[in-house]
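**Q** There's a structure below that I have some questions on.
The values are calculated or read from the model by the stated rules, or taken from the named source; none is laboratory data. Please read these numbers as outputs of a predicted model, since none were measured by experiment. For neighbour counting, all protein chains shown are included, and Cβ atoms are generated from backbone atoms with ideal geometry for every residue, glycine included.
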Amino acid sequence: AEKLLEIENLTAGFLTVGGTVKATEHVSLSLDKGQTVCLVGESGSGKSVTSLAIMRLIDFNGGAILEGSIKFQGEDLAKRSQDDMIRIRGNKIAMIFQDPMSSLNPVYTVGDQIAESIVLHQRKSKKEARKMAVDMLRLVGIPAPEIRARQYPHELSGGMCQRVVIAIALACDPVLLIADEPTTALDVTVQAQILDLLRSLQKELGMSILLITHDMGVAAEMADRIAVMYAGIIVEEGSVSEIFSHPSHPYTVGLLKSVPGLEGSRGDELYTIRGNIPGLSQLPVGCRFHPRCPYAKDICREKSPPSFTVGEEHQASCWMYMEDGGAAAWQQNESE
Ligand code: SF4
Ligand code: MG
């Protein structure tokens, strides 16, 4: 398959009075054309920072890319100027966020906001753009689009507003859509509708999606591949079937247990992984998950684990999977 996005060894962070705080470290991730990759983890795991870094929006948040490359259609976004990025954002890459209201302007009608995006990105006349905006509203499943186009955001439900935001994002005909928790603020029924919409638009338009979510249930429905993030690093990566049939990192196993109704979960009694995600300025030495890991051993407290191959195109960063008999030694250790 054709690679669309290839992130290698990406480290990004924020410059504070106390020094540089790395929010995401040595992240490597790739996305094929037409594929959906889900970046999964608890809040504070560095998922959003990773997406802001890809878009180079991190520069406006007091942050910077410290290391690594972000190859998008062959060019390295980490090296582009902000002027280049303005052209790339909104033309080839679009982004949608959790709260649709934060992306919409309360004083313009939704039709005008979609039309504005069309005028900006597709060089159409205002009149043409207005007509296209109605078609876009229809495309994202809004009933009576001619009427809705003349309404203001506050006249629409949260779910409808998120559909409008998706329409604005699609108005620039992106090849990559980055969606950061796009359904988290919506109720369960509307969430399912928006996910359905994203899936069908993807089929129709052939775009790739990088979906950021804390919800393994959402990832199960949407992803071709899943990357699990914890405390700024990717701890496990694999196809959706690999991750769900052989979750390998103890953190992933914990995340899966906490999803009600999924196989291996504890039913409706919500399981939570003990402890909290560590603050970025006080990361534990060794494996970052060790204070919360039921399997932690001495080596976990001393050295951070590299990534081990645990299945076909499936990697996990956990000492349990050490090669050359490491696993056997591990089990021996465990029974001591
Ligand atoms: Fe747990 Fe050790 Fe694996 Fe980290 S490396 S997840 S502490 S077993
Ligand atoms: Mg976030």
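**Q** Is one or more of the residues making up the range 92-102 in contact with a Leu (Cβ under 8 Å, 6 or more places away or on another chain), more than 20 Å from Ser51 (Cβ to Cβ) and hydrophobic (A, V, I, L, M, F, W, C)?
**A** Of all residues in the range 92-102, those in contact with a Leu (Cβ under 8 Å, 6 or more places away or on another chain) come to 92-96.
Going one step further and asking which of them are more than 20 Å from Ser51 (Cβ to Cβ), we end up with none.
No: the range 92-102 contains no residue that is in contact with a Leu (Cβ under 8 Å, 6 or more places away or on another chain), more than 20 Å from Ser51 (Cβ to Cβ) and hydrophobic (A, V, I, L, M, F, W, C).
**Q** Just need a number here: residues in the range 202-239 that are among the aliphatic types (A, V, I, L, M), in contact (Cβ under 8 Å) with a residue 40 or more places away in the chain and away from ligand 2 (no atom under 15 Å from the Cβ). Show your work before the answer.
**A** Taking the range 202-239 first, the residues among the aliphatic types (A, V, I, L, M) are 205, 207, 209-212, 216, 218-220, 222-223, 226-229, 231, 233-235.
Those still in the list that are in contact (Cβ under 8 Å) with a residue 40 or more places away in the chain too: 207, 209-212, 216, 218-220, 222-223, 226-229, 231, 233-235.
Remaining after also requiring away from ligand 2 (no atom under 15 Å from the Cβ): 207, 209, 216, 220, 222-223, 226, 233-235.
Of the residues in that region, 10 qualify.
**Q** Let me ask something else about it. Being in contact with a Lys or Arg (Cβ under 8 Å, 6 or more places away or on another chain), within 8 Å of ligand 1 (Cβ to nearest atom) and touching a residue at least 12 places away in the same chain (Cβ under 8 Å) is the filter here; which residues of the range 279-291 pass it?
**A** Gly286, Cys287
**Q** Which of the residues belonging to the range 81-91 are surrounded by fewer than 17 Cβ atoms within 10 Å (Cβ to Cβ) and either closer than 15 Å to Ile178 by Cβ or at pLDDT 90 or above (or both)? Give the derivation first.
**A** Going residue by residue through the range 81-91, those that are surrounded by fewer than 17 Cβ atoms within 10 Å (Cβ to Cβ) are 81-87, 91.
Matches in the range 81-91: Ser81, Gln82, Asp83, Asp84, Met85, Asn91.
**Q** Okay, next question. Could you grab me the full set of residues in the range 292-314 that are among the aromatic types (Phe, Trp, Tyr) and either near ligand 1 (Cβ under 7 Å from one of its atoms) or in a loop (DSSP other than H, G, I, E, B) (or both)? First the steps, then the outcome.
**A** Filtering the range 292-314 for residues among the aromatic types (Phe, Trp, Tyr) gives 295, 308.
If the condition is that a residue be among the aromatic types (Phe, Trp, Tyr) and either near ligand 1 (Cβ under 7 Å from one of its atoms) or in a loop (DSSP other than H, G, I, E, B) (or both), then Tyr295 is the only one that fits.
**Q** Of all the helices (runs of 4 or more DSSP H) wholly in the range 1-109, which have at least 1 residues that are within 19 Å of Leu210 (Cα to Cα) and over 13 Å from the mean Cα position of the chain (by Cα)? First the steps, then the outcome.
**A** Working: elements: 47-54, 82-88, 100-103.
The qualifying helices (runs of 4 or more DSSP H) are 82-88, 100-103.
**Q** Looking at the range 73-97 only, could you name the residues that are within 18 Å of Val175 (Cβ to Cβ) and in contact with a strand residue (DSSP E or B) (Cβ under 8 Å, 6 or more places away or on another chain)?
**A** The first filter runs over the range 73-97 and keeps only residues within 18 Å of Val175 (Cβ to Cβ), leaving 73-77, 80, 84-96.
Those that are within 18 Å of Val175 (Cβ to Cβ) and in contact with a strand residue (DSSP E or B) (Cβ under 8 Å, 6 or more places away or on another chain): Gln73, Asp76, Leu77, Ile88, Arg89, Lys92, Ile93, Ala94, Met95, Ile96.
**Q** Still on this structure, please answer the following. Please go through (1) under 28 Å from Ser200 (Cα atoms); (2) touching a residue at least 60 places away in the same chain (Cβ under 8 Å); (3) buried (at least 16 other Cβ atoms within 10 Å of the Cβ) for Ala78 and return the number of the only condition it doesn't satisfy.
**A** The one condition Ala78 does not meet is (1).
**Q** Going through Arg130, Arg163 one at a time, which residue ends up being basic (Lys, Arg), in contact (Cβ under 8 Å) with a residue 24 or more places away in the chain and crowded, with 17+ Cβ neighbours inside 10 Å? Outline the logic, then answer.
**A** Values: Arg130 fails: in contact (Cβ under 8 Å) with a residue 24 or more places away in the chain.
None of the other options fit; the residue is Arg163.
**Q** Okay, moving on. Counting only residues that are crowded, with 20+ Cβ neighbours inside 10 Å and hydroxyl-bearing (Ser, Thr, Tyr), how many does the range 3-47 have?
**A** Summing the residues that are crowded, with 20+ Cβ neighbours inside 10 Å and hydroxyl-bearing (Ser, Thr, Tyr) in the range 3-47 gives 3.
**Q** Residues Arg138, Arg148: which one is at pLDDT 95 or above and of a type in the set (Lys, Arg)? Lay out the reasoning, then the answer.
**A** On the way: Arg138 fails: at pLDDT 95 or above.
So the residue among Arg138, Arg148 that is at pLDDT 95 or above and of a type in the set (Lys, Arg) is Arg148.
**Q** Looking at the range 55-72, is at least one residue within 15 Å of Ile168 (Cα to Cα) and of a type in the set (D, E, K, R)? Give the derivation first.
**A** Taking the range 55-72 first, the residues within 15 Å of Ile168 (Cα to Cα) are none.
There is no residue in the range 55-72 that is within 15 Å of Ile168 (Cα to Cα) and of a type in the set (D, E, K, R).
**Q** Which pairs do you get when a residue that is within 10 Å of Val165 (Cα to Cα), found in the range 94-106, comes within reach of a residue that is of a type in the set (Phe, Trp, Tyr) and surrounded by 15 or more Cβ atoms within 10 Å (Cβ to Cβ), reach meaning Cβ atoms under 7 angstrom, with the pair 6+ apart or on two chains?
**A** Within 7 Å, the pairs are Ser103/Phe97.
**Q** Another question, then. Applying the selection to the range 98-112, what residues are touching a helix residue (DSSP H, G or I) at 6+ places or on another chain (Cβ under 6 Å) and surrounded by 16 or more Cβ atoms within 10 Å (Cβ to Cβ)?
**A** Of everything in the range 98-112, those that are touching a helix residue (DSSP H, G or I) at 6+ places or on another chain (Cβ under 6 Å) and surrounded by 16 or more Cβ atoms within 10 Å (Cβ to Cβ) turn out to be Pro100, Ser103, Leu104, Val110, Gly111.
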